[in-house]
Amino acid sequence: MNIARFVFNPIQENTYVVWDTTGECAVIDAGNLSAREDNALVNFITEHKLRPVLALNTHGHFDHIAGVEFLRKTYDVPFAMSGKDAFLLDAAAASARMYGVEVRETPKKIDRDLDGLTEIGFGHTRFTIIATPGHTPGHVSLYEPESKTLFTGDTLFRESIGRTDLPGGDYSWIMRSIIEKILPLGDETKVYPGHGEDTTIGHESLYNPFIVEVLNNEVNYRG
Ligand SMILES: [Zn+2]
């Protein structure tokens with residue numbers, strides 16, 4: 001699996017284009033919000049002769065869905081996300097305004113509900129869908145076992161974790177997700193987060209202060 005990262009919109013969100021030898025690609029968390037960012041995405045797809053087949057989302061915050069409707073209209077791809085985050089689609093414009101950001105048209109509905117699905121993919125690539133609630137109720141992480149690659153959205157960042165003070169957020173749940181579902185994937189697993197640089201689970205086990213304080217029993221994350 002090949003991965004390209006774009007940093008889009010004023011929230012500096014990571015949008016990933018992932019593809020394999022079939023030439024099919026998926027766009028994970030399409031956050032493109034301006035004509036310049038749309039063009040960057042389209043040009044990349046065209047130059048690499050890729051065929052988009054899926055708009056795939058870790059969660060429903062506006063900075064992660066800002067480009068989804070553009071993708072749906074440009075490439076006629078289905079939008080896949082957990083139905084548990086559907087409430088965030090309606091709230092996208094209002095929450096964007098709190099950050100001083102005007103969003104464009106956002107998707108009205110989810111074409112493929114990831115809630116209850118175990119796998120989704122493109123070409124001959126398959127992601128295991130891992131429910132990782134806490135940052136949002138419907139947050140998922142996407143794991144590609146062959147390359148041991150994990151897209152963590154806003155659950156796990158390099159040496160940090162996602163906010164849990166937004167509507168539907170919960171500290172105890174995000175830590176359960178990280179400790180009980182993400183860490184067991186193993187130290188060598190590569191992590192591509194929704195903001196900031198990539199990392200590995202091994203690095204986070206040693207240097208992520210939110211994980212270290214739990215592993216050292218300094219914090220009871222189970223609340
Ligand atoms: Zn978020």
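Numerical summary
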quantity: Relative contact order of the chain, defined on C-alpha pairs under 8 angstrom at six or more residues apart (%); calculated: 15 percent
quantity: Distant-in-sequence amide H partners of Arg112 (H built 1.01 Å from N, under 5 Å); calculated: Phe79, Ala80, Met81
quantity: For region 156-223, with +1 on Lys and Arg beta carbons and -1 on Asp and Glu, the positive-most of Ser205, Gly186, Gly169 along the dipole; calculated: Gly169
quantity: Hz values of 3J(HN,Hα) by residue in region 21-27 - Karplus curve (6.51, -1.76, 1.60), Gly and Pro given as x; calculated: 5, 6, x, 6, 9, 10, 10
quantity: Distant-in-sequence amide H partners of Gly121 (H built 1.01 Å from N, under 5 Å); calculated: Phe127
quantity: Within the chain, percent of DSSP bridges classed antiparallel, to nearest 5; calculated: 65 percent
quantity: Region 167-212 shape via C-alpha gyration tensor axes, a/c threshold 1.5; calculated: prolate
quantity: Charge dipole magnitude, Cβ of K and R +1, D and E -1 - region 1-110, Cα centre, debye nearest 20; calculated: 120 debye
quantity: Extension gain from Arg222 to Lys148, taking 0.36 nm per residue of separation minus the Cα-Cα distance; calculated: 23.9 nm
quantity: Charged-residue dipole, Cβ positions (Lys, Arg, Asp, Glu), the chain about Cα centre, Debye nearest 20; calculated: 360 debye
quantity: Neighbourhood net charge (10 Å Cβ-Cβ; Lys/Arg +1, Asp/Glu -1) for Thr132; calculated: 0
quantity: Approximate shape of region 1-99 as ellipsoid semi-axes (Cα gyration tensor, √5λ), whole Å, largest first; calculated: 22, 15, 11
quantity: Integer Hz, Karplus 6.51/-1.76/1.60 couplings in order for region 115-123, x for Gly and Pro; calculated: 5, x, 7, 9, 9, 8, x, 8, x
quantity: Cα-based helix-to-principal-axis angle, 86-98 vs the chain, degrees rounded to 10; calculated: 90 degrees
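We did not get these values from a lab; they are worked out from the coordinates using the rules stated. All values derive from a computational prediction rather than experimental measurement. Counting neighbours? That spans all protein chains shown, and the Cβs are built from the backbone with ideal geometry, glycine included.
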